[in-house]
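Every number in this text was worked out from the coordinates using simple rules, so none of it is lab data. Note that the structure is predicted; figures quoted are calculated from it, not measured. So basically every Cβ, Gly included, is an ideal-geometry build from the backbone, and we count neighbours across all protein chains shown.
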Amino acid sequence: MPHVIVQNCCNDASCVPECPVDCIHPTPDEPDYATAEMLYIDPDVCIDCGACIDACPVSAITTDYELTAEMAPFETMNADYYEAVGSAADRDHPFTDPRIGRKRPSSDAETLRVAVVGAGAAGHYVVSELQHRIDVRATIDVYERLPETGGLVRFGVAPDHADTKKVQEQFAKSRKQSGVTTHLGVRVGEDVTHEDLARSHHAVVYAVGSLHGRELGLPGADLPGVTAAADFVAWYNGHPDFAGRTVDLSHERVVVLGNGNVALDVARILTADPETFTGTDMTDEALAALRDSRVREVVILARRGPEHAAFTAPELVGLARTVPVVVEPGDLSASGSAGEPTDEQARFYRAQKLALLQSLPADAGPDGRRVVLRFGTPPTAITASDGALTVAFDDHGAPSELACGAVLPSIGLRGTSVPGVPYDEGTGTIPNADGRVLGPDGAALPGVYVAGWCKRGPTGVIGTNRYDARGTVDALIADFHAGLLSAPSAS
Ligand code: NAP
């Protein structure tokens with residue numbers, strides 16, 4: 001009975017080294033890992049030992065005989081992946097543990113002191129990678145501006161994705177280990193400066209994430225009633241910066257612009273039974289607003305065709321089991337314009353998404369709630385009149401419009417700048433080479449590093465940050481061993 005990876009796979013690959021038959025792919029050292037929507041178990045190679053189940057931090061692995069009806073599509077998705085890219089038995093990329101081949105430091109070796117700014121997933125994985133490296137002894141100070149840890153795992157992951165949020169238990173275990181001190185409610189750049197941290201540590205690693213939505217830049221984007229989906233997410237999850245925000249839920253329709261996973265999250269939150277969220281991280285204020293909501297339809301407008309859909313297949317499956325999802329107009333092939341991708345994994349994802357879209361129902365459920373996916377419909381302007389908004393868009397060359405009560409642009413996220421640290425407004429990231437922060441002259445600033453979304457931009461899922469952090473920690477430790485980091489001059 002093979003095992004199956006299901007929707008909430010976090011891609012952190014904790015399961016990979018535990019598998020005695022190397023049947024979980026892509027592994028972090030395989031090229032297709034960086035763009036993998038999830039990891040997959042090859043049913044023909046799995047020996048049903050269960051080691052992966054114990055290792056998974058988010059309970060995303062189950063046996064095929066324990067699959068619920070809701071999880072059933074994932075059995076096919078795991079098998080289809082190997083059908084498309086080739087059997088796990090033929091892969092020759094064994095996962096390598098970075099501890100292998102490294103020497104422990106001598107007992108009189110200097111202890112590396114690191115400040116990590118940000119206690120979300122990226123910050124956690126920096127801490128965890130430093131703890132797992134046997135060639136240094138490190139003490140770590142974690143600085144978090146909020147009164148609680150977790151970053152976007154706490155304030156971005158949807159409240160009904162409780163299993164995904166379990167990864168915070170792993171974060172907490174790391175922080176409890178000796179040598180780690182967490183400083184909550186400390187704003188770097190205000191309460192302490194970058195220079196303060198640099199003086200008291202060998203290295204400072206910025207892992208401050210991407211909290212805010214990207215600017216839409218359309219006429220009407222600043223109208224009341226237009227709220228970045230990222231702000232809406234932070235509000236219903238109780239992020240203190242977003243307390244008191246309101247989104248008008250008094251109309252039957254909400255329009256979401258962009259079709260990434262954040263768009264699917266907000267569409268699900270707006271159309272699901274609000275009682276799903278009782279007892280979750282959702283605030284009482286948001287729960288009350290959803291109970292009073294008159295929203296029945298969320299229309300997701302994507303500027304490109306279904307072949308470019310930014311959502312992942314697991315999240316579309318999750319949305320479609322919560323609320324009817326319909327594609328309008330139903331002819332998906334009419335939107336297809338791009339050439340075939342060259343690599344097998346990309347071809348697999350495209351075919352899988354098109355098949356899922358084609359399998360969706362044609363209409364709303366009995367209570368009229370539904371999510372509508374529209375492709376090839378770039379928005380052109382937003383206008384307001386009589387307490388409602390109108391989104392104008394190009395519908396395959398013809399002007400069209402939709403009336404609604406609220407517009408939620410969900411067009412990606414931008415990084416957070418920190419006073420005293422370089423920041424590229426264009427990319428919304430901290431300029432860097434392999435995690436080494438670059439100064440205005442393009443040279444690496446000694447002792448300053450970056451990890452996570454503020455390093456590479458807001459792509460991938462939670463566990464993608466683990467291997468991103470490994471790259472940064474590799475650079476940091478190499479610089480330490482090369483004598484490039486100044487010893488702390490203050491405690
Ligand atoms: P995203 O995946 O980058 O999607 C952005 C969407 O906005 C795309 O459809 C993009 O279309 C569109 N867009 C960009 N600029 C636009 C513009 N000016 N006008 C109209 N549309 C525009 O962003 P996201 O949804 O914010 O997600 C960020 C990351 O978080 C992703 O890696 C995502 O997978 C991850 N995430 C994961 C989960 C989960 O696994 N459950 C949940 C939430 C978020 P084009 O493709 O045409 O540019």
Euclidean distance of C-alpha centroids, segment 269-316 and segment 443-480, integer Å: 32
Longest principal axis of the chain (C-alpha) makes with the long axis of helix 167-176 (C-alpha) an angle, in degrees to the nearest 10, of 20
About the Cα centre of segment 422-468, how large is the charge dipole given +1 on each Lys and Arg Cβ and -1 on each Asp and Glu Cβ? Please answer in debye to the nearest 20. 200
Under a point-charge model restricted to the Cβ atoms of Lys and Arg (+1) and Asp and Glu (-1), what is the dipole moment magnitude of the chain relative to its Cα centre, in debye to the nearest 20? 1100
Pull up the DSSP beta bridges for the chain and report the antiparallel fraction as a percent, rounded to 5. 40
Label-point separation (nm) for SER107 and SER491, each offset 7 Å from Cα along Cα-to-Cβ? 2.3
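Quick one: how many lysine pairs does the chain have with C-alpha atoms less than 24 Å apart and a gap of 8 or more or different chains? Give me the count, please. List each step's numbers first, then the result.
Working: LYS165/LYS173; LYS165/LYS176; LYS165/LYS455; LYS166/LYS176.
Lysine pair count for the chain: 4.
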When a footprinting reagent is the concern and you count Cβ atoms within 10 Å, what order do ILE41, ILE47 take, fewest first? ILE47, ILE41
Amide H contacts under 5 Å for VAL256, restricted to residues at least 5 apart in sequence or on another chain and with H modeled in the peptide plane, are VAL299, ILE300, LEU301, LEU408
For GLU215, what charge total do you get from the other residues with a beta carbon under 13 Å from its beta carbon, if Lys and Arg give +1 and Asp and Glu give -1? -1
Out of residues 5 or more away from HIS183 or on other chains, whose amide H comes under 5 Å of its own, with H placed 1.01 Å from N in the peptide plane? VAL142, TYR143, GLU144
Segment 147-187: trypsin sites (Lys or Arg not before Pro) falling in loop per DSSP and having at most 15 other Cβ within 10 Å: ARG187
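Decide, for segment 238-312, between rounded, prolate and oblate: order the square roots of the alpha carbon gyration tensor eigenvalues as a ≥ b ≥ c, take rounded if a/c falls under 1.5, and otherwise choose prolate if a/b is larger than b/c, else oblate.
Working: a/c = 2.01, a/b = 1.69, b/c = 1.19.
Since a/c reaches 1.5 and a/b is larger than b/c, the shape of segment 238-312 is classed as prolate.
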Between helix 261-271 and the chain: long-axis angle, C-alpha atoms, 0 to 90°, nearest 10: 50
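Can you give the helix-only mean residue ellipticity at 222 nm for the chain, where every DSSP H stretch with n ≥ 4 adds -39500 (n - 2.57) and the sum goes over all residues, rounded to the nearest 500 deg cm²/dmol?
The per-residue figure over the chain is -7500 deg cm²/dmol.
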If you line up the long axis of helix 464-481 against the longest principal axis of the chain, both from Cα atoms, how many degrees apart are they, to the nearest 10? 20
Run the quick spin-label model on GLU275 and ALA72: label points 7 Å from Cα toward the beta carbon, then report their separation in nm to one decimal. 2.5
Please report the antiparallel percentage of the DSSP beta bridges confined to segment 212-413, to the nearest 5. 45
Once amide H atoms are placed 1.01 Å from N in the peptide plane, what residues at a sequence separation of 5 or more from THR380, or on another chain, have their amide H within under 5 Å of its amide H? ALA392, PHE393, ASP394
